Amino acid sequence: MEDPQANGDHNHNHIPKKLKLSSPSSFISDSEIRQEFAHHQLGIARINNGSFGSCPASIIAAQKRWQLRFLQQPDDFFFNHLQNGILRSRTLITSLINADHVDEVSIVDNATTAAAIVLQHVGWAFAEGRFQKGDAVVMLHCAFQAVKKSIEAYVTRAGGSVIVVQLPFPIHSDQEIIAEFRKGLAMGKAHGRKVRLAIIDHITSMPCVVIPVRELVQICREEGVEQVFVDAAHAIGSVHVDVKEIGADFYVSNLHKWFFCPPSVAFLYCRKSPIALDLHHPVVSHEYGNGLAIESAWIGTRDYSSQLVVPDVLDFVNRFEGGIAGIRKRNHDAVVRMGELLARAWGTHLGSPPEMCPSMAMVGLPSSLRISSDDDALKLRTHLRDHFEVEVPIYYQALKDGEIGGDNWDGRVAGYARISHQVYNTVDDYLKLRDAINQLVKDGVTCSDLP
Amino acid sequence: MEDPQANGDHNHNHIPKKLKLSSPSSFISDSEIRQEFAHHQLGIARINNGSFGSCPASIIAAQKQWQLRFLQQPDDFFFNHLQNGILRSRTLITSLINADHVDEVSIVDNATTAAAIVLQHVGWAFAEGRFQKGDAVVMLHCAFQAVKKSIEAYVTRAGGSVIVVQLPFPVHSDQEIIAEFRKGLAMGKAHGRKVRLAIIDHITSMPCVVIPVRELVQICREEGVEQVFVDAAHAIGSVHVDVKEIGADFYVSNLHKWFFCPPSVAFLYCRKSPIALDLHHPVVSHEYGNGLAIESAWIGTRDYSSQLVVPDVLDFVNRFEGGIAGIRKRNHDAVVRMGELLARAWGTHLGSPPEMCPSMAMVGLPSSLRISSDDDALKLRTHLRDHFEVEVPIYYQALKDGEIGGDNWDGRVAGYARISHQVYNTVDDYLKLRDAINQLVKDGVTCNNLP
């Protein structure tokens, strides 16, 4: 399974060739890309990179080398190699995201874990009297479900209140989001509530939109929000990430979604502050009290190999023209192009303008499908998988206040497909989706008809 | 890397042949065992199965099949296969440990995670006023360091107090342990403190001793301890485990130490009770509130493959005469035999009688090595690894009260080697250790001399 072009033997002096620009003749070719993703199931139009990410064969091979090293001699691995490997990954990430110092960067399993870390800290603040009952945490109405549950588990349970800010969708501009956020935040603070933390997505999951997060962080500061946590699960590898420019206190992104790492690995950036010193990994082990980054690097015996391949991933992305920036741009351009192709084919529209799409786009689905609920959306997704070999998540757009519902389905776009584009996708993937939906429309299928 | 004898294609109707007794001619042979562990680094006397465990090649292959399935089509894996796979593992474990119901069995990463789950629950009880400041948690003085830190993070921080019970070592009988525990617990309760939770090891880590845990749980009940959590990280696969007979409220054991699973996977048994309903995984995700077992089966995108190979492990152990019980007995007998061989060679003794050794034994080291601290123990361990290709953890035994220390080293055994025996070990491994220590003694090496 070893890719001969992969990073040879894994030596400790490995320095990723971050600054080396590949000459045109040595950029990765289309057939090499196909080889790298040859393990993807044949015949499936896999247009959902956003949910679970993807990992090229050369990175899987690099990961296996690390796994083997542990199995060969685990004590030696633990005492002599693991910590250096994690530090190397953290150092590369620090540079990638423009953080000031590697101490600010911890590696954790995923954004879900990062949310637990930040929110458990909030829970302690309530329990220890630093926050008072009723102090608030702000979240977007479309926050990821796991984050909502974490807020319930650590904030609501501890006596905090939650301000939910509604964001519009479909959306037409950054200004709409900024205006709605400012309004929602002001309303939430109306009763003189102290706002301790705001959780803002950099890229919302469902529906998927790039949020003007720098402006929203600024508004938070203006409105006296004490801390801002940016849930940027999708960001690294799909949009430009500069944590200093964004200015949040905490920022998490998954490296296994758009940055080619194996499941699972994420970084949690915590801007240097007294509060950052009091964050802890909830799985407490020997390193408790030595700082979040060190705590997170040992949470008991487990497989840390996915955290150790960041150097190999940088080598991988630098085989593409323009490196990760080039990949981002081409993914974005392609997904917009494909989104517009589908919208034209179905007579619908995109849910946001191109500049607010990352490497994903929300494409309106024909109203005749009569998507009326989250259940309908899931049924449609399952049907597309089982009967058309298309993998794409479907979003149900509930009616806005004042919209007349009932049986008036004419032209009403109540559902969107969230299409992704990653380096392994081809036009055929989207044509397959186009034809599947057209077939369902032609056959007069509605979600009620689906099992 | 696929082992032709491994569990063929991974079909969903796989039923482990738990009850099928292999006929003598079809028991695994010595050369097959060597093949299964051929990935262990050649030339190393690997006598530390206790720290990080071990995993046979056929299980690694089974794990890879699961990993590949996720990489091939992650959505299908998530929606259609993951939950069934985890439930299958939980069901087999339920039967293995004699729990009443699969609802009582959750799968988590490791004992460290299980400790965080139980202790976070204690932390909430203090924060929410169910426990009062000063209410106590009991632990053994030799509790695993990660557990001690977890107690600090969740109990001490929340206002709880900690009763530390000293256990003797070297130890000569269960009765010594029982007497010391009863005494220590009574002393700790002396000021009328309410004891909310006792954390007792089934097999202590350092020094390693099998604790008469059923009797200690009984004493806890008699003394009014509300809840008992047994940290049995080493137990499954090295001693008989019957959770009903032991009678604790919570019981955790790692499957990757002595039960041939890949890193990492553990089960946390929670006896049915109202309190069990209020345990939560600290990494909160979509399933929050649906019970610990369901919560633990989805804590965000990550590699769950190690949790899915339990059926394959049962097939593996049933290739051995007597299955896991036969493996336990032979490991125990061998480690005692090897321990006695080493003690005779070095003129020392075992730290506990054979019946209190699991698949590990504490063997006294010659006093001339002058092991004077934990640092010395680590230096000696490193020296054995780097210069003699022997991997074995070293334990420093601090002086008991009243013992005269200083320069009187005659015959004082201040250090012990914790030797392990797993199916891949051979006599040569222990002879290598014997000769290494004899060489150090002959050369007049003391821990001071070591780097």
Does B:Gln72 satisfy the condition of being within 9 Å of another protein chain (Cβ to nearest Cβ) and modelled with pLDDT of 95 or more?
yes
Can you tell me which residues in region A:75-96 are at the interface with chain B (Cβ under 8 Å from one of its Cβ atoms) and open to solvent by 20 Å² or more (accessible area, probe 1.4 Å)?
A:Asp76, A:Phe78, A:Phe79
Identify, please: which residue in region B:278-318 is in contact with a Phe, Trp or Tyr (Cβ under 8 Å, 6 or more places away or on another chain) and β-branched (Val, Ile, Thr) and is, among those, nearest to A:Val283 (Cα to Cα)?
B:Val284
For residues in region A:52-64 being under 21 Å from B:Ala61 (Cβ atoms) and within 11 Å of chain B (Cβ to nearest Cβ), which is most open to solvent (accessible area, probe 1.4 Å)?
A:Lys64
Every listed condition ((1) in a loop (DSSP other than H, G, I, E, B); (2) modelled with pLDDT under 95) holds for B:Leu277 save (1)
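Would you please name the residue that is surrounded by the most Cβ atoms within 10 Å (Cβ to Cβ), looking only at residues in region B:322-373 that are of a type in the set (Ser, Thr, Tyr) and under 21 Å from B:Ile236 (Cβ atoms)? Break it down into steps so the answer makes sense when it comes.
First, pick out the residues of region B:322-373 that are of a type in the set (Ser, Thr, Tyr): B:348, B:352, B:359, B:367-368, B:372-373.
Going one step further and asking which of them are under 21 Å from B:Ile236 (Cβ atoms), we end up with B:352, B:359.
Working: B:Ser352: 24, B:Ser359: 30.
Per the criteria, the residue is B:Ser359.
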Looking only at region B:102-113, count every residue that is polar (S, T, N, Q) and either open to solvent by 30 Å² or more (accessible area, probe 1.4 Å) or modelled with pLDDT under 95 (or both) and tell me the total.
0
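Looking at A:Glu295, A:Glu287, which one is assigned by the TED database to the domain that holds A:Arg90 and either surrounded by fewer than 22 Cβ atoms within 10 Å (Cβ to Cβ) or in contact with a Pro (Cβ under 8 Å, 6 or more places away or on another chain) (or both)? If you could, list the steps in order and put the result at the bottom.
Numbers: A:Glu295 fails: either surrounded by fewer than 22 Cβ atoms within 10 Å (Cβ to Cβ) or in contact with a Pro (Cβ under 8 Å, 6 or more places away or on another chain) (or both).
Sole residue among the options that is assigned by the TED database to the domain that holds A:Arg90 and either surrounded by fewer than 22 Cβ atoms within 10 Å (Cβ to Cβ) or in contact with a Pro (Cβ under 8 Å, 6 or more places away or on another chain) (or both): A:Glu287.
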Give just the number: which of (1) open to solvent by 10 Å² or more (accessible area, probe 1.4 Å); (2) within 27 Å of A:Gln73 (Cα to Cα) does A:Ser305 not satisfy?
(1)
Only one residue in B:Ser273, B:Ser253, B:Ser238 is in contact (Cβ under 8 Å) with a residue 24 or more places away in the chain, in contact with a Pro (Cβ under 6 Å, 6 or more places away or on another chain), farther than 20 Å from B:Arg182 by Cβ and of a type in the set (S, T, N, Q). Which one?
B:Ser238
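Restricting attention to region A:391-418, report how many residues are at pLDDT 95 or above and either in a loop (DSSP other than H, G, I, E, B) or surrounded by fewer than 16 Cβ atoms within 10 Å (Cβ to Cβ) (or both). Steps first, please.
Looking only at region A:391-418, we keep the residues that are at pLDDT 95 or above, and these are A:391-396, A:415-418.
Of the ones still in play, those that are also either in a loop (DSSP other than H, G, I, E, B) or surrounded by fewer than 16 Cβ atoms within 10 Å (Cβ to Cβ) (or both) are A:392-393.
The number of residues fulfilling the criteria is 2.
Listed residues A:Ala116, A:Ala99, A:Ala143; which is assigned to a loop (DSSP other than H, G, I, E, B), modelled with pLDDT of 95 or more, open to solvent by less than 20 Å² (accessible area, probe 1.4 Å) and within 14 Å of chain B (Cβ to nearest Cβ)? Full working, then the answer.
Numbers: A:Ala116 fails: assigned to a loop (DSSP other than H, G, I, E, B); A:Ala99 fails: within 14 Å of chain B (Cβ to nearest Cβ).
So the residue among A:Ala116, A:Ala99, A:Ala143 that is assigned to a loop (DSSP other than H, G, I, E, B), modelled with pLDDT of 95 or more, open to solvent by less than 20 Å² (accessible area, probe 1.4 Å) and within 14 Å of chain B (Cβ to nearest Cβ) is A:Ala143.
Answer yes if at least one residue in region A:127-145 is polar (S, T, N, Q) and touching a Ser or Thr at 6+ places or on another chain (Cβ under 9 Å), and no otherwise.
Going residue by residue through region A:127-145, those that are polar (S, T, N, Q) are A:132, A:145.
The next check asks that each one be touching a Ser or Thr at 6+ places or on another chain (Cβ under 9 Å); those that pass are A:145.
For region A:127-145, residues polar (S, T, N, Q) and touching a Ser or Thr at 6+ places or on another chain (Cβ under 9 Å): present.
Within region B:147-154, is even one residue of a type in the set (Val, Ile, Thr), closer than 25 Å to A:Ala158 by Cβ and within 14 Å of chain A (Cβ to nearest Cβ)?
Among the residues of region B:147-154, at least one is of a type in the set (Val, Ile, Thr), closer than 25 Å to A:Ala158 by Cβ and within 14 Å of chain A (Cβ to nearest Cβ), which makes the answer yes.
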Among (1) within 14 Å of chain A (Cβ to nearest Cβ); (2) closer than 23 Å to A:Ala111 by Cα; (3) not polar (S, T, N, Q) - the single one B:Val252 does not satisfy:
(2)
Scan region A:25-42 and report the pairs whose first residue is more than 15 Å from A:Phe260 (Cβ to Cβ) and whose second residue is in a loop (DSSP other than H, G, I, E, B), with Cβ atoms within less than 7 Å and a gap of 6+ or a chain change.
A:Phe27/A:Arg319; A:Phe27/A:Phe320; A:Phe27/A:Glu321; A:Gln41/B:Gln73
A:Gln166, sole failed condition from (1) more than 14 Å from every other protein chain (Cβ to nearest Cβ); (2) at pLDDT 95 or above; (3) open to solvent by 10 Å² or more (accessible area, probe 1.4 Å)
(2)
Which numbered condition A:Tyr269 misses (of (1) in a helix (DSSP H, G or I); (2) touching a strand residue (DSSP E or B) at 6+ places or on another chain (Cβ under 7 Å))
(1)
Mind checking whether some residue in region B:307-314 is farther than 30 Å from A:Ser54 by Cα, in the same structural domain as B:Thr204 (by the TED database) and not in a helix (DSSP H, G or I)?
no
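Return yes when B:Leu380 is among the aliphatic types (A, V, I, L, M), buried (at least 18 other Cβ atoms within 10 Å of the Cβ), within 28 Å of B:Pro451 (Cβ to Cβ) and in contact (Cβ under 8 Å) with a residue 60 or more places away in the chain and no when it is not.
Values: among the aliphatic types (A, V, I, L, M): yes; buried (at least 18 other Cβ atoms within 10 Å of the Cβ): yes; within 28 Å of B:Pro451 (Cβ to Cβ): yes; in contact (Cβ under 8 Å) with a residue 60 or more places away in the chain: yes.
In short, yes.
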Taking the options A:Arg69, A:Arg90, name whichever one is assigned by the TED database to the domain that holds A:Tyr304 and either touching a strand residue (DSSP E or B) at 6+ places or on another chain (Cβ under 8 Å) or part of a helix (DSSP H, G or I) (or both).
A:Arg90
What number of residues in region B:27-51 are in a helix (DSSP H, G or I) and surrounded by fewer than 22 Cβ atoms within 10 Å (Cβ to Cβ)?
7
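The values are calculated or read from the model by the stated rules, or taken from the named source; none is laboratory data. Please read these numbers as outputs of a predicted model, since none were measured by experiment. Using ideal geometry, Cβ is built from the backbone for each residue, glycine included, and neighbour counts are taken over all protein chains shown. Calculation scope for accessible area: heavy atoms of the full protein, side chains included, ligands and nucleic acids excluded. Shrake-Rupley method; radii C 1.70, N 1.55, O 1.52, S 1.80 Å.
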